[in-house]
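Below is one structure, written out as structure tokens, with a few remarks after it.
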Amino acid sequence: MWPFRTSIRFVEMDFRTDVHSHVLPGVDDGFKSIDRSVEAQELLRGLGLEHQFLTPHIYPDLYPGNSPESVRAVFSKYRERLGATGVESRVAGEHMVYGDIDREFTEDSISRSLQLNQGYVLVEMSYAYESQNIRDFVFHLCNLGLHPVLAHPERYNYYSTGLVELKSIADIDTVFQLNILSLGGFYGTMAKLKAERILEQGLYSFLGTDLHSVSQIAQLKSMKIRKKHVPAIEKLLENNDLLWSGSFKGGGSDYVNHPLKETAASGSGTDSGLSKPQFRRSEPLFLPVSSVHTPLLSCL
Ligand SMILES: [Fe+2]
């Protein structure tokens with residue numbers, strides 16, 4: 001296939017499911033009107049998109065009006081117009097990790113929290129400084145039977161290109177979501193470099209647009225994927241589809257021994273269909289691929 005090309009356009013790939021977007025209008029720094037949201041989804045439908053998680057920022061300091069109930073109410077208001085675009089939408093959230101965030105996720109609140117699917121919860125941090133409680137918080141989510149998804153790790157300026165700090169978060173059963181535009185350099189050279197490294201080390205599980213405006217769709221259309229990255233991106237696209245359908249078994253593009261595969265397959269337990277985990281330190285794993293990252297703590 002395309003033997004003489006060194007890259008392919010991202011929109012030539014099977015991009016059917018977007019796990020991260022700010023298309024729900026009027027709730028954060030993303031889309032401001034339902035007309036623009038509809039325009040965006042119609043354009044994305046033309047590129048092949050079928051499913052989109054709407055993930056408004058959930059951060060009381062910046063968006064005090066956003067709660068699971070209020071965000072769902074806005075979604076209900078616009079569900080019909082968005083549905084008419086041909087893109088099926090579901091509402092979730094992108095949770096900023098702030099000091100007291102543990103209070104948002106308790107045994108009692110899990111069922112109404114803004115999850116993606118299968119208990120996966122999208123979390124983010126400031127680009128300027130690390131949340132001091134990030135490791136405690138993802139640990140907390142895991143202990144509730146949930147699965148943290150760290151949004152766009154390549155964009156956090158304080159993490160080294162050696163990925164040491166990011167791997168320490170992945171070690172707590174946290175999977176990563178790539179902003180696809182990072183690979184195109186739209187967030188700067190460092191974000192692009194880190195995205196390539198994280199991708200090449202098999203640490204991503206999903207990809208998203210993080211779409212905030214219609215103009216970013218032009219960027220998406222101009223995106224090219226280097227030939228050597230195509231298999232990894234194809235795997236992330238497949239993972240996106242599996243997450244939407246509820247059959248994601250865990251793990252990143254090369255994450256062959258990720259223990260979530262067993263957890264997800266076991267079926268029973270919480271409302272998310274995943275078994276209730278207990279933390280333990282994993283047995284050492286001897287992996288055939290040197291680049292595969294091995295979690296130290298796992299939800300089993
Ligand atoms: Fe976002």
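Quick notes on this structure:
- Fewest-first ranking of Thr161, Thr189, using other Cβ atoms within 10 Å as the exposure measure: Thr189, Thr161
- Positive contributions from Lys and Arg (+1) and negative ones from Asp and Glu (-1), summed over other residues with Cβ under 14 Å from the Cβ of Leu211, come out at -3.
- Of the residues Asp241, Asp173, the one with the fewest other Cβ atoms within 10 Å heads the list, and the complete ranking is Asp241, Asp173.
- Volume in Å³ per residue [convex hull over Cα atoms, computed for segment 113-240]: 112 Å³
- Förster-model FRET efficiency, 25 Å R0, Phe4 and Glu234, C-beta, rounded to 0.05: 0.80
- Here the label points at Asn157 and Arg90, each 7 Å from Cα along the C-beta direction, are separated by 3.5 nm in the simple model.
- Cα→Cβ-extended label distance, 7 Å offset, between Ala218 and Thr106, nm: 4.8 nm
- Extent of segment 1-152 along its three principal axes (Cα atoms, max minus min coordinate, largest first): 49, 40, 29 Å.
- Summarising the label geometry, the points placed 7 Å from Cα in the beta-carbon direction at Asp136 and Ser67 lie 2.5 nm from one another.
- For the peptides 192-198, 18-24, 45-51, the ranking by mean Cβ contacts within 10 Å, running from highest to lowest, is 18-24, 192-198, 45-51.
- Relative counts (whole %) of C-alpha pair distances in segment 7-255, using bins that are 5 Å wide: 1, 6, 14, 20, 21, 18, 12, 6, 1, 0
- For Arg45 and Arg197, the difference between the fully extended length at 0.36 nm per residue and the C-alpha to C-alpha distance is 51.7 nm.
- Modelled FRET efficiency - R0 45 Å, Lys227 with Ser247, Cβ distances, 0.05 increments: 0.95
- Dipole-positive endmost among Phe139, His20, Ala195 within segment 7-255 (Cβ charges, Cα centre): Ala195
- Prolate is the label for segment 18-71, because the ratio a/c of its alpha-carbon gyration tensor axes (a ≥ b ≥ c) is 1.5 or higher and a/b is greater than b/c.
- Net dipole in debye of segment 7-255 [+1 Lys, Arg Cβ; -1 Asp, Glu Cβ; about Cα centre; nearest 20]: 800 debye
- Counting lysine pairs in segment 7-255 that sit 8 or more residues apart in sequence, or on different chains, and whose Cα atoms lie under 26 Å apart gives 24.
Every number here is computed from the coordinates shown, using simple stated rules; none is lab data. Not measured: the values here are computed from a predicted model. Virtual Cβ from ideal backbone geometry, glycine too; neighbours counted across all protein chains shown.
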